[in-house]
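Working notes for the structure below.
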Amino acid sequence: MRFLLTNDDGIHARGLFTLQEAFSEKGECLIVAPEMERSAAGHAITLSRPLMIREARKNGVFYGYAVAGTPADSVKIGLREIAGGPVDLVVSGINLGANVGINVLYSGTVFAATEGSILGVPAVAVSLDSRSHEADYAAAARTAAAVADYILENRSLLTGIALNVNVPDLPSEKIRGARFTRQGQARLVETYERRLDPRNNVYYWLVGETLQPEDEEEDTDLSVLKKGYVSITPIEPDMTRHDLLAALKNRPVRLF
């Protein structure tokens, strides 16, 4: 088996290294990831400048390819140029912090996986519901490996689909299981902190927290995650509201 590993926290993030340790037991791992943190990059790609790539090392040993671009750039260049052959699965993560609800639309972790599915390679994004830099990624890594096996066993069913996986910040023995979910409406409620730099120039820092609507249904990603289950949401690039098309076609837009 051959895996392309990436993330949005940067090539030297601990979550990516933990993924590499877990998936090296299953097959060959090719790491292609942003050279620095690119959280909330969404599905952005680099168009207006060259895409620079360098070899990254860990403890003096070749580790992977650092891309001066976005997570989606990393998957594109990884599959199209660097891999030099077939890849069985794209794995993005392990992200520090859940990617659920409306926040999925901003996530570089999720859209790195989506880029893989667009290019015809099965893909999974894995996030841990923790913001602590001391977080234990062990359960999330084992979950990623198990979901990878599931994807490869059900490849025909998941063509063009990426799985967005969110793991509770719990030891493996306390995780209650895994459930398939739909994307909920939880969103980051933002505020901006106004600050001054040492030269009295004003700048702003975006802060906030993800809040779940009071009427959120039980089958959504965050609802399931908060109950101690792994949330698995199938996602695709098609954002069309197909259920509205017939009604809208019966109410045509009159131009001019």
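The values are calculated or read from the model by the stated rules, or taken from the named source; none is laboratory data. Given the structure is predicted, the values throughout are model-derived calculations rather than measurements. Cβ coordinates were reconstructed from backbone atoms using ideal geometry, including for glycine residues, and neighbour counts include every protein chain displayed. Note: areas computed on protein heavy atoms with side chains; ligands, DNA, RNA excluded. Shrake-Rupley method; radii C 1.70, N 1.55, O 1.52, S 1.80 Å.
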Compute the Kirkwood hydrodynamic radius of region 1-133, taking the inverse of the mean of 1/r over all pairs of distinct Cα atoms, and give it in Å to one decimal. 14.3 Å
Other residues with Cβ under 13 Å from the Cβ of R2 give, with Lys and Arg +1 and Asp and Glu -1, a net charge of -1
Given the DSSP H assignment, sum -39500 (n - 2.57) over each helix run of at least 4 residues in the chain and divide by its residue total; what's the result at 222 nm in deg cm²/dmol, nearest 500? -6500 deg cm²/dmol
Expressed as a percent, the accessible surface of the chain that is carbon or sulfur, using a 1.4 Å probe and the full set of protein chains, is 51 percent
Please state the relative contact order of region 86-127 as a whole percent: Cα pairs under 8 Å, 6+ residues apart? 58 percent
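Let me know the whole percent of all Cα-Cα pairs from region 96-178 that are separated by more than 19 Å.
On the way: 1342 of 3403 pairs.
Of the Cα pairs, 39 percent sit more than 19 Å apart.
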Compute the relative contact order of region 72-160 as a whole-number percentage, counting only Cα pairs closer than 8 Å that sit 6 or more residues apart in sequence. 33 percent
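What accessible area per residue, rounded to a whole number of Å², is obtained for the chain using a probe radius of 1.4 Å? Provide the component values of the computation, followed by the final result.
Working: 14190 Å² over 256 residues.
Here the per-residue accessible area is 55 Å².
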Can you list the HN-Hα couplings for region 97-109, worked out from phi with the Karplus curve (6.51, -1.76, 1.60; θ = phi - 60°), rounded to whole Hz and with x for Gly and Pro? x, 5, 10, 9, x, 4, 4, 4, 5, 9, 6, x, 4
Hey, can you grab everything whose amide H is under 5 Å from the amide H of K58? Only 5+ residues off in sequence or another chain; H modelled, so Pro and N-termini drop out. Y63
E173 versus L119, label points 7 Å from Cα toward the beta carbon: distance in nm? 4.1 nm
Which value in nm describes the separation of the simple spin-label points at Y150 and R131, placed 7 Å from the Cα toward the beta carbon? 2.8 nm
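Which order do L244, L4 take when ranked by solvent-accessible area (1.4 Å probe, heavy atoms of all protein chains), largest first? Spell out each step's value before the answer.
Values: L244 70, L4 0 Å².
Solvent-accessible surface, decreasing: L244, L4.
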Longest exposed-site-free window of the chain, the sites being GluC sites (Glu not before Pro) in a DSSP loop that have at most 11 other C-beta atoms within 10 Å: 26-133
Using the basic label-point model (7 angstrom from Cα toward the beta carbon), what is the E218 to D238 distance in nanometres? 3.1 nm
